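Engineer: Okay, handing you the structure first.
Since every read-out is calculated from the coordinates, none of them should be taken as a lab result. No experiment lies behind these values; they were computed from the predicted model shown. Neighbour counts run over all protein chains shown; Cβ positions are idealised from the backbone, glycine included.
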Amino acid sequence: MELIKIQVTVNGSKEILDVFPNLSLLNMLRENLTLTGTKSGCEAGECGACTVLLEGEPVNSCMVLAVECSGLSVETIEGLSEEEPMRKLQKAFMDLNAIQCGFCTPGMLISAFALLKRNPDPSDEEIRIALLGNLCRCTGYERIISAVKKAAKK
Amino acid sequence: MNQPHPRLPEFEYCQPKSSKEAVDFLDKHADQSRPYAGGTDCFNQVRDKRIHPQYLVDLKSIEGFQKIKFDKEEGLTIGATVPLNEIISHPKVKKHYPVLIDAAREVGGYQLRNRATLVGNLCNASPCGDTIGPCLVYHSKAHIVGPDGKYAVDLKDFFKGPGKTYLKPGEIIESISFPIPPTGAEGAYQSIGRNKFGDLAIAAVTVLGYEKKDNQSGYEFLLTLTAVAPTVIFADSAQDILKTLPITHGTIKRAASACDEACKPIDDIRGSANYRRDMIQMLALRGLEKTCKQLNIPL
């Protein structure tokens with residue numbers, strides 16, 4: 001296996017990295033760039049804990065190769081925390097206790113952020129469908145749905 | 001610090017810029033290479049060592065593969081690497097091929113559909129592939145390019161069994177084309193999974209209906225059945241019933257029951273064969289009821 005040089009914009013800053021072809025975007029973020037806000041869950045595209053924005057759209061970073069991201073932009077939870085509607089979402093999640101262990105929260109927030117960007121006033125059903133690819137084993141989802149609704153209304 | 005994915009074996013990655021370059025490479029390394037688009041099936045197969053490619057050939061940089069084109073006479077063409085969410089949000093697909101959108105929405109969660117492609121779903125040739133039924137009822141064609149040149153195949157002839165397709169080594173699909181559907185065509189995609197959305201189908205039915213004066217009933221209905229046979233199949237006897245008998249609630253019930261004849265389901269982790277037989281009839285009835293309502297046929 002040969003190392004491949006890639007240039008990728010992560011949270012607005014240009015990174016030049018030498019990566020192996022079998023390195024996932026998830027591991028590139030966590031191991032090479034120490035951006036550990038993105039969580040490693042099922043590593044099979046099921047749980048959504050690793051959700052990041054690739055060219056502005058949410059993807060499961062566990063199922064993207066780092067080499068595919070050359071020339072593209074990636075945003076993680078660390079890079080979005082100062083941007084609206086992320087601040088509103090984070091506040092609503094805290095206000096309504098939509099977090100228990102917190103492991104799913106970065107992925108949930110990114111999916112909710114992408115939803116509110118494309119649909120600023122979603123219905124309950126639209127929120128549920130948008131967060132379908134993000135599993136939470138603690139909250140029972142109700143508080144998460146309420147928090148996204150609250151952030152949308154602000 | 002270049003920690004590879006803990007469960008991804010070693011492989012080389014290449015990114016051809018033209019379909020000729022891709023085909024030449026795939027032909028030269030036929031047994032060791034694998035075309036790669038969204039990777040949502042391929043990634044798991046590589047990780048679980050169900051396939052062992054030495055090369056992943058990423059098709060996403062090939063010009064034209066990322067495009068959706070629509071022409072009011074020619075119809076719709078979807079490039080090989082267009083992700084499902086792009087198809088779902090395309091206004092012309094929404095207007096002319098709504099059943100394809102209903103089915104595409106059933107595939108995984110939103111972030112998975114930003115990567116998963118229609119062509120990937122077809123090439124994976126799963127008996128429970130959600131988008132296969134709509135592609136069949138809309139009479140789509142696969143446009144293939146390979147070492148012997150370019151040609152097109154009706155999608156009804158494309159599937160040879162679970163995971164098996166018409167594609168020969170070195171060949172790839174460039175695009176899928178859909179003719180303009182018959183005037184006034186309406187349809188439905190009905191599926192059942194372990195969860196309400198996003199799970200693989202235990203069983204599913206696609207219906208497309210439209211007026212056809214030549215038929216005794218005055219209508220033509222196309223029905224495909226998903227996850228109840230080695231490939232997605234047409235329910236021929238149900239279609240014949242709906243061609244000949246006046247369309248009443250009794251007729252659609254009879255047609256829905258006739259779907260059972262075409263099925264050869266198996267027991268698996270998602271459901272038993274008997275459950276699938278029961279569900280396919282119920283889904284066919286629901287799909288026909290919905291389609292008749294859209295066609296303003298009083299039942």
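Engineer: With +1 assigned to the C-beta of every Lys and Arg and -1 to the C-beta of every Asp and Glu, and no other charges, what is the dipole magnitude of the protein assembly as shown about the Cα centre in debye, to the nearest 20?
Structural biologist: Computed about the Cα centre, the dipole is about 1020 debye.
Engineer: In square nanometres, what is the average projected area of the Cα convex hull of chain B?
Structural biologist: 16.2 nm²
Engineer: Hey, another quick one. Give me the net charge for the shell around B:Y55: Cβ to Cβ below 9 angstrom, other residues only, Lys and Arg +1, Asp and Glu -1.
Structural biologist: 0
Engineer: Additional query: Average the reciprocal distances over every distinct pair of alpha-carbons in chain A, invert the result, and give the Kirkwood radius in Å.
Structural biologist: For chain A, inverting the mean 1/r across all distinct Cα pairs yields 15.6 Å.
Engineer: While we're on this one: Going toward the positive end of the dipole of the stretch B:186-294, with +1 on Lys and Arg Cβ and -1 on Asp and Glu Cβ, which of B:I192, B:T244, B:C259 do you reach last?
Structural biologist: Result: B:I192, furthest along the dipole toward the positive end.
Engineer: Kirkwood hydrodynamic radius, the stretch B:68-178, all distinct C-alpha pairs: what's the number in Å?
Structural biologist: 14.0 Å
Engineer: Additional query: Cα to Cα, under 23 Å, and not fewer than 8 places away if on the same chain: which lysines meet these conditions relative to A:K39?
Structural biologist: A:K14, A:K88, A:K91, A:K117
Engineer: When Lys and Arg each count +1 and Asp and Glu each count -1, what net charge do the other residues less than 14 Å away from B:F178, Cβ to Cβ, add up to?
Structural biologist: Net local charge, B:F178 excluded: +3.
Engineer: The stretch A:58-122 to the stretch B:81-106: how many Å between their Cα centroids?
Structural biologist: 25 Å
Engineer: Distance cut-off 25 Å, Cα to Cα: go down the list B:K72/B:K94; B:K156/B:K212; B:K94/B:K164; B:K67/B:K95; B:K196/B:K290; B:K20/B:K69 and report the pairs above it.
Structural biologist: Pairs exceeding 25 Å: B:K94/B:K164.
Engineer: Now a separate question. Once the Cβ-Cβ distance between A:Y141 and B:L299 is put in as r, and R0 is 41 Å, what FRET efficiency do you end up with, to the nearest 0.05?
Structural biologist: Computed FRET efficiency for A:Y141 and B:L299 comes out at 0.65.
Engineer: Between beta-carbons, use under 13 Å as the cut-off and find the net charge around B:G75, counting Lys and Arg +1, Asp and Glu -1.
Structural biologist: My count for the surroundings of B:G75 gives +2.
Engineer: Could you calculate the contour length gain from B:K49 to B:E73, that is, 0.36 nm times the residue separation minus the distance between their Cα atoms, to one decimal place in nm?
Structural biologist: Length gained between B:K49 and B:E73: 4.1 nm.
Engineer: Something else about it: How large is log10 I(q)/I(0) at q = 0.19, 0.23 Å⁻¹ when the Debye formula is applied to the Cα atoms of the stretch A:105-153, each weighted equally and without solvent?
Structural biologist: -0.51, -0.76
Engineer: Taking Cα centroids, how far is the stretch B:259-277 from the stretch B:218-257 in Å?
Structural biologist: Each part's Cα centre sits 17 Å from the other's.
Engineer: Per 10 Å bin, what is the whole-percent P(r) computed from every C-alpha pair distance within the stretch B:161-290?
Structural biologist: P(r) over the stretch B:161-290, rounded to whole percents: 12, 39, 31, 16, 2.
Engineer: For the stretch A:4-78, what is the charge dipole size about the Cα centre, in debye to the nearest 20, if Lys and Arg each add +1 at the Cβ and Asp and Glu each add -1 at the Cβ?
Structural biologist: 140 debye
Engineer: Per the Kirkwood formula on distinct C-alpha pairs, the Rh of the protein assembly as shown is how many angstrom?
Structural biologist: For the protein assembly as shown, the Kirkwood estimate is 23.2 Å.
Engineer: Normalised by the empirical 2.2 N^0.38 Å for globular proteins, what value does the Cα Rg of the stretch B:12-58 take?
Structural biologist: That works out to 1.09 for the stretch B:12-58.
Engineer: Give the residue from A:A44, A:M1, A:N32 lying farthest towards the positive end of the charge dipole for the stretch A:1-53; charges sit on Cβ (+1 for Lys and Arg, -1 for Asp and Glu) and the dipole is referred to the Cα centre.
Structural biologist: Looking along the dipole axis, the top candidate is A:N32.
Engineer: State to the nearest 20 debye the size of the charge dipole of chain A about its Cα centre, where the only charges are +1 on K and R beta carbons and -1 on D and E beta carbons.
Structural biologist: With only Lys, Arg, Asp and Glu charged at Cβ, the dipole is about 600 debye.
Engineer: Can you compute the label reach from B:D31? Point 7 Å from Cα along the Cβ direction, backbone N cut-off under 18 Å, restricted to the stretch B:45-80.
Structural biologist: Residues B:50-56 fall inside that zone.
Engineer: So what is the relative contact order for chain B, in percent, with contacts set as C-alpha pairs under 8 Å and at least six apart?
Structural biologist: With pairs under 8 Å counted, the relative contact order is 15 percent.
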